[in-house]
């Protein structure tokens, strides 16, 4: 799938692949501390080799992950979105998305999350669950763009739980 940034830069959204390990590791190093806090809810200086395997070697059914890369420079990671099916609730998956700092506010998060929701629906996932920083206004706005129904918990310990019914 191709998405075009407001400045005309084309971004390709595709499934993550095992050879994306170095792109993912480099992408984490390029995130600001604030973006890391909002995505991981804690400091995250690097991924371990086992984390990189888990994050890039997915089955596309119980663990779906998409990346957005610059079409003209596929080594430049723009965003990542993923969902992991909950074993005790197979129609629900925990989801997360992160957009690189230079690309925030340009619609990439919306594009990759909508693509993730479509892929999830295709394999029987009907609901996303997410834990997010209580002050992450952008993530809350994003959730509203693809939800048929959204349940938001109160902020507790600086985080908020959100459940989203996907638009079929």
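Assign one of three labels to the range 102-165, namely rounded, prolate or oblate, based on the Cα gyration tensor with a ≥ b ≥ c the square roots of its eigenvalues; rounded applies when a/c is under 1.5, prolate when it is not and a/b is larger than b/c, and oblate otherwise.
oblate
Could you grab the relative contact order for the range 2-166? Cα pairs under 8 Å, six or more apart, rounded to a whole percent.
19 percent
Determine the calculated [θ] at 222 nm for the chain from helices alone, applying -39500 (n - 2.57) to every DSSP H run no shorter than 4 residues and normalising by the residue count; nearest 500 deg cm²/dmol.
Helix-only estimate at 222 nm: -9000 deg cm²/dmol.
Could I have the simple spin-label model distance between residue 62 and residue 49, label points 7 Å from Cα toward Cβ, reported in nm to one decimal?
The modelled label-to-label distance comes out at 2.4 nm.
Taking the Cβ of each residue in 113, 145 as the centre, tally the other Cβ atoms inside 10 Å and list the residues starting with the fewest.
Exposure proxy ranking, most exposed first: 145, 113.
Is the shape of the range 63-151 best called rounded, prolate or oblate, per the rule: a/c under 1.5 gives rounded, else a/b larger than b/c gives prolate, else oblate, with a ≥ b ≥ c the square roots of the Cα gyration tensor eigenvalues?
oblate
Given a cut-off of under 8 Å on Cα pairs at least six residues apart, what relative contact order in percent is computed for the range 1-83?
35 percent
Run the simple label-point estimate for residue 71 and residue 32 please: 7 Å along Cα→C-beta, distance reported in nm.
2.8 nm
Laboratory data are not the source of any read-out in this text; all were calculated from the coordinates shown. On a predicted model such as this, the values are computed, not experimentally measured, just so you know. Cβ: placed from backbone, ideal geometry, glycine included. Neighbour counts: every protein chain shown.
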